[in-house]
Amino acid sequence: MNDAKRPLIITSLSIASILLMIAIYFVPIWWVALTAPNYPEAAFPDGVRINFHMNGVFNGCSLVVKDEINEEEALDCVHEMDTINHYVGMYPIAAGGPIERGFSPFLITLLIIMVIGFAISNPKRRRIFLIIAFTGNAVWMTMTIYKTDGIKYENEGYLYALMNQLDQDANDKTLGLDVKPMDSTKALKQLKASLAGKNYKDEVTDEQSAESSKEEQVDEKTRLIEELQSTYENDLSNGRVSEPWKGNAYQLMAWHYGKVLGRYFNNQDEIRPMVKKLRLATNIVYFGLLGAMLLLIVVGTRSKNNLIYWLMVLVPMALPVFFVIDYSAWLWWYGHTLNSMGAFTVKPFMPTVFGEGKVAQFATFSYPSIGFALMMVNSIILAAIALMRRKESL
């Protein structure tokens, strides 16, 4: 290879890697499905399926359009799988990976900065870039995790996943969703119209119309934050939480984790220590990421011959490995942290990580999705960049 072309190739490959990591964040990485006789293929062509993303778990079931099946929207298979799993004492899916999901935007940004830093051959320029980029990432992370109303800096997909996991039943007041009572005057008018055989037409004032129009203009992210706050404040008024709403990710992650754990098995003596550990883990990860960024700035900018510099490419390259390890660890946790309040007693087990398995009458399927394929492609690209850098050092 022509030495003059090498920097251009490294730059081009680095840009490709950055674009891939951005795409990885927004697409499903792994999927899991359950099939059983009571979930016929005609109604559930993909089984009860869920998709794992970096920022949450999302519905994998699609809308079935057939003459004999009348559906207005796809079944929420995250809820369906939670319902199935809780019979054997398994906690809801949303209980898994709360730290990973909450910190996911800062982690993926960290990896992108590391790739760019590795591509910059000049130590002085690399140091300047890392100082500016890591400072920006650290400020963003700090404001999101600890600042009042910091969750507005989180991404919409993450907030949607959190709210969707709470909003399983829109009429369940325990979830904090306000159900407005019907106006008694309006109800009386409707009754009179019905007895007279007429249709009642609600009179909407200009003020009400303007208010309705204003609500429609509220963007989706703001709406999700308002719903999360409403749910939290409902818990506050009912004595389920004692701390006033701050709206930061530190509070949100702990509260949401405790609420999800107690959805089916509300044993607070078990839940409180788990929430306490999550709060501790949040602080540890936060300061750990700050320390890692500082180490990369101080040591990773000295030369191309130290280990810290090479970690800037080796860590992003190993992303598929880290994902499988983390995914497997959480599956082990689900199968070995079974609540005794489950309807059926089963021995602790390891759910299927890859391939097909069987639990009771259910066939289980667990396979990588497009996001994991992109991770593998990204690893190959980063390996090529590393080899080219290695040749420069020889």
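Kindly list the number of the only condition in (1) under 16 Å from V299 (Cα atoms); (2) at pLDDT below 95 that fails for I113.
Unmet condition: (2).
Which residue is surrounded by the most Cβ atoms within 10 Å (Cβ to Cβ), if the candidates are limited to segment 369-386 and must be among the small types (G, A, S) and touching a helix residue (DSSP H, G or I) at 6+ places or on another chain (Cβ under 8 Å)?
Filtering first and then ranking leaves G371.
The rows are residues; the columns are (1) assigned to a helix (DSSP H, G or I); (2) closer than 18 Å to D235 by Cβ; (3) under 19 Å from the mean Cα position of the chain (by Cα).
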{"position": "Y264", "(1), (2), (3)": "no, yes, no"}
{"position": "V275", "(1), (2), (3)": "yes, yes, yes"}
{"position": "L280", "(1), (2), (3)": "yes, no, no"}
{"position": "Y309", "(1), (2), (3)": "yes, no, no"}
{"position": "F323", "(1), (2), (3)": "yes, no, yes"}
{"position": "A343", "(1), (2), (3)": "no, no, no"}
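Within segment 250-266, which residues are buried (at least 21 other Cβ atoms within 10 Å of the Cβ) and touching a residue at least 60 places away in the same chain (Cβ under 8 Å)?
Of everything in segment 250-266, those that are buried (at least 21 other Cβ atoms within 10 Å of the Cβ) and touching a residue at least 60 places away in the same chain (Cβ under 8 Å) turn out to be L252, M253, H256, Y257, K259, V260, L261.
Modelled with pLDDT under 95, among the small types (G, A, S), touching a helix residue (DSSP H, G or I) at 6+ places or on another chain (Cβ under 6 Å) and part of a loop (DSSP other than H, G, I, E, B): is that true of G300 in this structure?
yes
I'm checking my understanding of the structure. Among residues of segment 336-368 that are among the polar types (S, T, N, Q) and touching a Gly at 6+ places or on another chain (Cβ under 9 Å), which one is surrounded by the most Cβ atoms within 10 Å (Cβ to Cβ)?
S366
Of the residues that sit in segment 119-138 and are free of Cβ contacts under 8 Å to residues at least 24 places away in the same chain and of a type in the set (A, V, I, L, M), which one is nearest to P7 (Cα to Cα)?
Within segment 119-138, the match that is nearest to P7 (Cα to Cα) is I120.
Return the total of residues in segment 79-100 being farther than 18 Å from P348 by Cα, surrounded by fewer than 23 Cβ atoms within 10 Å (Cβ to Cβ) and touching a residue at least 40 places away in the same chain (Cβ under 8 Å).
The qualifying residues number 5.
Quick one: what pairs do we get from segment 149-166, first residue under 14 Å from Q229 (Cα atoms), second of a type in the set (A, V, I, L, M) and part of a loop (DSSP other than H, G, I, E, B), C-beta under 9 Å, 6+ apart or different chains?
Qualifying pairs under 9 Å: L166/L177.
Under the condition of being of a type in the set (V, I, T) and part of a loop (DSSP other than H, G, I, E, B), which residue from segment 30-70 is modelled with the lowest pLDDT?
Going through the qualifying residues, I end up with V65.
If you scan segment 234-249, which residues turn out to be among the basic types (K, R) and either closer than 21 Å to A95 by Cβ or free of Cβ contacts under 8 Å to residues at least 12 places away in the same chain (or both)?
If the condition is that a residue be among the basic types (K, R) and either closer than 21 Å to A95 by Cβ or free of Cβ contacts under 8 Å to residues at least 12 places away in the same chain (or both), then R240 is the only one that fits.
Being aliphatic (A, V, I, L, M) and crowded, with 18+ Cβ neighbours inside 10 Å narrows it down to one residue among L319, L280; which is it?
So the residue among L319, L280 that is aliphatic (A, V, I, L, M) and crowded, with 18+ Cβ neighbours inside 10 Å is L319.
The values are calculated or read from the model by the stated rules, or taken from the named source; none is laboratory data. Model, not experiment: these values are computed from the prediction. Glycine gets a Cβ as well: all are built from the backbone with ideal geometry, and neighbour counts include every protein chain shown.
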